[in-house]
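The values are calculated or read from the model by the stated rules, or taken from the named source; none is laboratory data. Nothing here was measured: the structure is a model prediction, and the numbers come from that model. Cβ placement follows ideal geometry from the backbone for every residue including glycine, while neighbour counts extend to all protein chains displayed. In case anyone asks, the SASA skips ligands and DNA or RNA and just uses the protein heavy atoms, side chains included. Shrake-Rupley method; radii C 1.70, N 1.55, O 1.52, S 1.80 Å.
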Amino acid sequence: MIYKRYGKTGKDISVIGFGGMRFPSVNEKYDYDKCAGIVVKASELGVNYFDTAPGYCDDQSEIIMAHAFKSIKNPFYVSTKSNDKNGSELRKKLENSLKRMNLDKINFFHIWCILDIDDYRSRMVKGGAYEAALKAKEEGLIEHITFSTHCNGDEIETIVNEDAFEGMTVGYNILNFPFRQKGLTAAYKKGLGVATMNPLGGGLIPQKADYFDFIRGKNDKTVVDAAINFNASHDEITTVLCGMGSTEEVIQNCKIGDNLVMLEWEKLKEIEGRLYNSMDKLCTGCRYCEHCPKRISVSKYMLSYNNHILGDTKAVLNNVKWHWGIKVEDVRECIECGLCEKKCTQHLPIISRLKEINMWEETIK
Ligand code: SF4
Ligand code: SF4
């Protein structure tokens, strides 16, 4: 396993990090021993960064992690989060996370899911989230204050230049990198550690393996290898968080971390150049756009729309109907309130895409 220094913290972190949001369940029931075994296996294979959060896996992820930590022999670091704006609410969540995971401190505590600059400012007010995190750090309950965000590159640059944080977690992959690249560069210049999540674009990269085959270098067996290698090869990126739901996935991902051949700068730039023009238009399936007042399953329509960008418009309609089992005509319920677009991590024009899908239903046979 390759390790990289996380910013100025002095900590060396495995280039493959464990994303604790994909534990397997049956009817929302989790087999704790089985799930913890996946985490322990990752530790045995060299992973030392474990990312979790309240709410992940029906709020069971932190509990599963706690179960695993009892059996882990190697040194490890824990990342968790709070999206509360209010300081006392954040404090309650922090204490709950510590208690649930039976830890004295959280190594990397994230001000979670900053959506835009207004949202960032709201976390920084007196009595707000950041102030509470700072106090907890002084008390030794938090080691490093970090943030996670779906902001664009300019907004990330603004945040990191205010010097409040030691690291960040961002969604970054071959589908959306132009959208955040500027923020990554700013973080690197400031000496922040960077964890990237969603390296496989919500599963789209392996699903469209033929389409993305061109990203494979001579050392990459699969497009999954290539996509993870793409992130890991950035000097700006410390660790690539991979959601792991089985020991097989752990073994596969850790093999990538063991045998990583960092891309040459020229190769990296060549791939970026090839991807640049269209890849940031795809939905990554992150589902932050949900909770539409008209109950429209926005992410399902947008994931289906990806087929249009990848050259198969008819597949959009088939995907909506047969993959997701939802009705195209439901998009007509949209009242254009803009709520979903405001939350969209890719800043996609959702409303106009829904209209296109509706139009295709009437015109494409
Ligand atoms: S714009 Fe339309 S799809 Fe988006 S949240 Fe509002 S009603 Fe729902
Ligand atoms: S539409 Fe945007 S917020 Fe919704 S799933 Fe896709 S990328 Fe995520």
| query | Rounded to the nearest whole Å², what accessible area per residue is found for the chain with the 1.4 Å probe? | reply | 45 Å²
| said: Regarding region 14-54, what's the average projected area of the Cα-atom convex hull, expressed in nm²? | reply: 3.0 nm²
| Solvent exposure, largest accessible area first (probe 1.4 Å, DNA, RNA and ligands not counted), of SER352, SER14 | SER352, SER14
| field | Cα centroid separation - region 189-263 against region 335-365, whole Å | value | 30 Å
| request: Among DSSP beta bridges lying fully in region 3-275, give the percent that are antiparallel, nearest 5. | output: 15 percent
| query | Looking only at GLY128, GLY193, GLY20, which one moves most when the chain is put into a Gaussian network model with springs between Cα atoms under 10 Å? | reply | GLY128
| task | With a 1.4 Å probe and all protein chains in place, put HIS308, HIS144 in order of accessible area, largest first. | result | HIS308, HIS144
| Largest to smallest accessible area among ARG295, ARG332 [probe 1.4 Å] | ARG295, ARG332
| request: Quick one: dipole size for region 146-259, taken about the Cα centre, charges +1 on Lys/Arg Cβ and -1 on Asp/Glu Cβ, in debye to the nearest 20. | output: 260 debye
| note | Checking ILE215, ILE228, ILE72 against a Gaussian network model of the chain (alpha-carbon springs below 10 Å), the top fluctuating residue turns out to be ILE72
| So, with a 1.4 angstrom probe, what is the percent of accessible area on the chain that is carbon and sulfur? | 48 percent
| note | Shape call for region 3-275, from the Cα gyration tensor axes a ≥ b ≥ c (a/c under 1.5 means rounded, otherwise prolate when a/b beats b/c, else oblate), comes out oblate
| request: Of the options MET168, ILE256, LEU98, report the single residue whose Cα projects farthest towards the positive end of the charge dipole of region 3-275 (beta-carbon charges: Lys, Arg +1; Asp, Glu -1). | output: LEU98
| remark: Candidates LEU317, LEU339, LEU192; GNM for the chain (alpha-carbon contacts under 10 Å) flags as most fluctuating LEU339
| Roughly speaking, what is the stretch gain from LYS294 to GLU272, that is 0.36 nm per residue apart minus the C-alpha to C-alpha distance, in nm to one decimal? | 4.1 nm
| note | Percent antiparallel among DSSP beta bridges confined to region 124-220, nearest 5, equals 0 percent
| task | Taking the Cβ of VAL40 as the centre, find all other residues whose Cβ is under 13 Å away and add up their charges (Lys, Arg: +1; Asp, Glu: -1). | result | +2
